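Only the coordinates and a few stated rules stand behind these numbers; no lab work does. Just so you know, these numbers come straight off a predicted model, no measurement behind them. As a convention, Cβ positions derive from the backbone with ideal geometry for all residues, glycine included, and neighbour counts pool all protein chains shown.
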Amino acid sequence: MSDSEIRGRETVVIIGSGPAAWTAALYAARALMEPFVFEGAGSRTMIPGGQLMFTTEVENYPGFKDGVMGPDLMMEMREQALGFGTRSIWEDVVDIDSGRYPFRLLSNTGTQVLADSLILATGANAKWLGLKNEERLAQSGGGVSACAVCDGALPHFRGNVLAVVGGGDSAMEDSLYLTKFAEQVVIIHRRDEFRASKIMSERALTHDKIRVEWNKVVTEVLGDETITALRLEDTVSGEVSELEVGGMFVAIGHTPNAGFLNGVVELKDNGYVETPMPWRTETSVPGIFAAGDVMDDYFRQAVTAAGTGCMAALEAERWLAHRGAAGNEHSEELVVRD
Ligand code: NAP
C-alpha cells in the first residue's frame, strides 16, 4: 500500500453496522469527531445492520413499549448517527495494519483509510444447522430462531411444543427460558451427554417441562408458512422420525466476525476480541477499541452491544485527548510497533 492511494485520515473509524457500531458513531459524532463507518458490503448470510436484520419483533429493547421490528430499529439507529454527521460506506474492511500509527485500513474494493482511533464492532453470527427451510423460516418469522431471549416471548411460540437444538450452556439456558411460554421444550442433541456445565444440565434435566431427544440430528425443517415439524435422524441407529413442533431454536454457538482481526489485535481462545481491562473496551493495541458481540461472548444482547458501543466511543475520545495533551495529536509520523 502506498500513501498516495489513501482516501483520507479519520479521527475515528468504526467497523460494523449493528447496535454497537451505530451507538459508537452517535456518541463520536456528537463529540464532533466526525466518525467514518465501514458498514459492510453485505452477502447472502450477512447484511449491514447486524443480527437484528434477521429478527422480526424485538420486545426487549428499552423505549419501545409495543416492541419494534429488528430492521426498523437498525434503520433508526443508523439515521440517528448519520443525522449528527457520521459518514459511512458499504464496504468490508479486509486488512488492518495496526503495527503503525495512524492505523491503516484496506477495504474489499481497495479503499484505504488512515485512522487515529478505531472501533471494532463487527458482531457475531449465530451458527445455523444449514438446512434450506431453516434459513427461509428464520428470515420470514416462521417460527425458527437462533435467539430464545429475543424471540421466545412472541405470541406464536406460546403454549406450543418448542425444540431447542444443541447441548451446550446456551441450549440449557434457552430451554429453561422457553419453559415460561412453551407447553413443552424438547432438547435435540447429537450425542448422549451434554457439553453444558453440570449445574445447567441438571436444571434442564430436572425441569418437568423439558425432555431430551438424545443422539438425534435435525435433517429437515418441515412447514410452509410456519414450522410444523422436524425430521430427526438417530446418530446411532440411523432411524428416522418426525417431531411435531411449533418452533425451533438453534443454540449451537456463535462465531464472532473477527477472522480478519487475526494478528491485528489479540483474540481470545474462542475467537472473540480480547479487551484486557474489566469495564473497558480497549483491545491489546492502544487506540483500538472493541464493542458489541465481536468482544462479548457472554451477554450478546442488542442493548449490551449499544452500551459497549457508547463506552468505546467515550474511550476513543479520551484516548485521543490524552494523546493530544501529550503533544502527539495529528502526528504524521509513522510509528512501527514491536
Ligand atoms: P457450545 O458450548 O460450543 O455448545 C454448542 C453445542 O451445540 C454443543 O453441544 C454441540 O454439540 C452442539 N452443536 C454444534 N454444532 C452442531 C451442529 N451442527 N448440529 C448439532 N449440534 C451442534 O456453545 P454455547 O452453548 O453457545 O456456549 C458458548 C460459551 O458460552 C460456552 O463457554 C458456555 O459455557 C458459555 N455460556 C454460558 C452461559 C451461562 O453460564 N449462563 C450461558 C450460555 C453460554 P457437541 O457437544 O456434540 O459438540
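Couple of notes before you dig in:
- Proximal lysines relative to residue 127, as straight alpha-carbon distance under 22 Å, when same-chain residues fewer than 8 apart are discounted: 216, 268
- When the alpha-carbon atoms of segment 128-250 are used, the pair Rg, Dmax equals 13.2, 38 angstrom.
- Helix-derived mean residue ellipticity, 222 nm - over the chain, DSSP H n ≥ 4, -39500 (n - 2.57), to 500: -7500 deg cm²/dmol
- Structural descriptor for the chain: relative contact order 20 percent, calculated from alpha carbon pairs under 8 angstrom and at least 6 residues apart.
- Here is the short version for the chain: 310 have no other Cys C-beta closer than 4.7 Å.
- Residue 262 versus residue 95: modelled label distance in nm, points set 7 Å from Cα along the beta carbon direction: 1.6 nm
- Translational diffusion of the chain was estimated from the Stokes-Einstein equation, with Rh taken as the Kirkwood radius over Cα pairs; at 4 °C and 1.567 mPa s the coefficient is 61 µm²/s.
- Placing a label point 7 Å from the Cα of residue 234 along the Cα-to-Cβ direction, no residue of segment 147-163 has a backbone N closer than 13 Å.
- Sites residue 158 and residue 34 - FRET efficiency at Förster radius 41 Å, r taken between beta-carbons, to 0.05: 0.30
- Estimated FRET transfer efficiency when R0 is 25 angstrom, pair residue 318-residue 197 (beta carbons, to 0.05): 0.10
- Computed from backbone phi, the HN-Hα couplings of segment 123-138 come to x, 9, 10, 5, 7, 10, 6, x, 9, 4, 5, 4, 5, 4, 6, 5 Hz, rounded to whole numbers (Karplus: 6.51 cos²θ - 1.76 cosθ + 1.60, θ = phi - 60°; Gly and Pro given as x).
- For segment 70-202, the convex hull spanned by the alpha carbon atoms encloses 194 Å³ per residue.
- For segment 1-130, the spread of Cα positions along each principal axis, largest first, Å: 51, 40, 20
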